[in-house]
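Visitor: Take this structure, written in structure tokens, and hold onto it; I'll ask about it next.
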Amino acid sequence: MMTTHSNLTTEQPVGGCRVSRRELAALELLRSTGIGLLEAAQVACTALRTNGGNLGRAMQCIELGAEALAARERTCTLAEAGWASIEARSDCRKTTLRDLRYYLRRILKLNGVGELPLRAMTTAQCRDILQRAFGHSKSSFVKGRAMLSSVFSYGIRQEWCDANPVTRIEVPRVVEMPIEPLTPAMVEQLQTAAQRPEHRAMRFSLNLMLYSGIRPTEVSRLRESDFCWEEGTVIIRAQKSKTGGGRVVPLRGLRSLPPKERIIPRGWQRRWQALRRAAGFHKWIPDVCRHTFASYHAAMYRNLPELQMVMGHRDLSLLRTRYVSPASKSEARQFWKEFMLKT
């Protein structure tokens, strides 16, 4: 019998073969894992070969690889991530949350999409999902893409995925057609309808949209504390504006409105729709009053920088490409009646 200084290397007969105690210990260790000797040797050889034969480095590589694999397997479904991302934005406006839910539901309506594991999704899959859900409309595609991208961004923060595959999807260029302003005759129809007793509560709101260029949603959010009657201005606060930026807007036509009518009534959306219908408008472009204000302001005053500040735009490009439509000076004069020029 051959022995060494260590008892671990003392040979013992096993099945007619002599193996050392170290080898016996290794076999016992492998038996507890359920891995065969050949498979274990293959793993060891691969780890050692990858790390230049350094045993310590090979062990570290295996441990780090196991951690990375566990992280990769930690994920959730697209549906779970989508609803969680919306829940995380619960402090957003109701209209924003409504839009987020709408676009997520459109995506999840596609068969099997909601069950896809977030971490495993590819750019090709995301592009196909967006095309099937929103391919009929470029603007819807852009909004749907933004929604899906936000889900992956939230998933990255939660460690449900490592990358955002949506960022590699091209954003289609949306060419928005200019909105034609209301004619002075159409404006007169709205003003006449607002004179009726059942619609008089909307006279002030109509003024704010037509002659101050304030968006309908912004008007509906205004409160008494937003108005400075002495200075003849209204503050569109950042949290109430569409773009998240605040601005100060001059009030016009106040002399035609008694103080008791300078109100923003309850049930604003319902009242605004009823006024339009009473004026004979059964089809309506949501921001047409704002476009009307911009077009006639530009035609009358020829001062785009001032108009830009009132509109709350970052620069002049949006005014030139979308908001300002050609209007004659005579139409502008008819729109800006004399009492409307006094604030």
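Visitor: For the stretch 78-168, what are the per-bin percents of Cα-Cα distances with bins 5 Å wide, up to the bin holding the maximum?
Guide: The calculated distribution, bin by bin, is 3, 15, 28, 28, 18, 8, 1.
Visitor: In the stretch 187-343, with Lys and Arg counted as +1 and Asp and Glu as -1 at Cβ, which of these residues, ILE235, LEU307, GLY280, has the Cα nearest the positive end of the dipole, that is, farthest along it?
Guide: Selected residue: GLY280.
Visitor: For the chain, set up a GNM with springs between Cα atoms under 10 Å and report which of GLY114, GLY155, GLY280 has the largest fluctuation.
Guide: The residue with the greatest mean-square fluctuation here is GLY280.
Visitor: May I ask for the distance between the Cα centers of the stretch 287-315 and the stretch 207-255, given as a whole number of Å?
Guide: Here the answer is 14 Å between Cα centres.
Visitor: Would you be so kind as to identify which of GLN269, CYS92, LEU318 lies farthest towards the positive end of the dipole of the chain, taking Lys and Arg as +1 and Asp and Glu as -1 on Cβ and the Cα centre as origin?
Guide: Of the listed residues, the answer is GLN269.
Visitor: Among LYS240, LYS260, LYS109, which one shows the highest mean-square fluctuation when the chain is modelled as a Gaussian network with alpha-carbon springs under 10 Å?
Guide: So, out of LYS240, LYS260, LYS109, the one fluctuating most is LYS260.
Visitor: Could you work out how far helix 94-108 tilts from the main Cα principal axis of the chain, as a 0 to 90 degree angle to the nearest 10?
Guide: That works out to roughly 50 degrees.
Visitor: What's the angle, to the nearest 10 degrees (0 to 90), between helix 268-278's Cα axis and the longest principal axis of the chain?
Guide: 50 degrees
Visitor: Using +1 on the beta carbon of Lys and Arg, -1 on that of Asp and Glu, and nothing else charged, what's the dipole of the stretch 103-227 about the Cα centre, debye to 20?
Guide: Roughly 280 debye, rounded to the nearest 20.
Visitor: Quick check on the stretch 184-341: what are the equivalent-ellipsoid semi-axes from the Cα gyration tensor, as sqrt(5λ), descending, whole Å?
Guide: Semi-axes (√(5λ), whole Å): 22, 19, 16.
Visitor: Spin-label point model (7 Å from Cα, Cβ direction): what's the LEU257 to LYS242 distance in nm?
Guide: 1.9 nm
Visitor: For the stretch 205-343, what is the charge dipole size about the Cα centre, in debye to the nearest 20, if Lys and Arg each add +1 at the Cβ and Asp and Glu each add -1 at the Cβ?
Guide: 460 debye
Visitor: Can you work out the FRET efficiency for the pair THR95 and LYS337, with r the C-beta to C-beta distance and R0 = 30 Å, to the nearest 0.05?
Guide: 0.35
Visitor: Taking R0 as 35 Å, what's the FRET efficiency between ALA44 and ILE156 from their Cβ-Cβ distance, rounded to 0.05?
Guide: 0.50
Visitor: Select from GLY312, GLY36, GLY213 the residue whose mean-square fluctuation is largest in a Gaussian network model of the chain (Cα-Cα springs shorter than 10 Å).
Guide: Highest fluctuation of the listed residues: GLY36.
Visitor: Treat every Asp and Glu Cβ in the chain as -1 and every Lys and Arg Cβ as +1, leave all other atoms uncharged, and give the resulting dipole magnitude about the Cα centre to the nearest 20 debye.
Guide: Around 1760 debye, computed over the chain.
Visitor: What longest region of the chain stays clear of GluC sites (Glu not before Pro) that DSSP places outside H, G, I, E and B and that have at most 12 other Cβ atoms within 10 Å?
Guide: 1-158
Visitor: If you don't mind, another one. Average the reciprocal distances over every distinct pair of alpha-carbons in the chain, invert the result, and give the Kirkwood radius in Å.
Guide: One over the average 1/r among Cα pairs gives 26.1 Å for the chain.
Visitor: Between THR77 and VAL142, how high is the FRET efficiency from 1/(1 + (r/R0)^6) when r is the Cβ-Cβ distance and R₀ = 30 Å? Nearest 0.05.
Guide: Using R0 = 30 Å, I get an efficiency of 0.75.
Visitor: By how many nm would the segment from THR123 to LYS329 grow when fully extended, if each residue of separation counts as 0.36 nm and the alpha-carbon distance is taken off?
Guide: Answer, rounded to one decimal: 68.9 nm.
Visitor: Can you give the angle from 0 to 90° between the axis of helix 78-87 and the longest principal axis of the chain, with both taken from C-alpha atoms, to the nearest 10?
Guide: Result, in degrees: 50.
Read the figures in this text as sums done on the coordinates, not as results from a lab. It should be emphasised that the depicted structure is a prediction, and the values quoted were computed from it without experimental measurement. Here the Cβ is made from the backbone with ideal geometry for all residues, glycine too, and neighbour counts use every protein chain on show.
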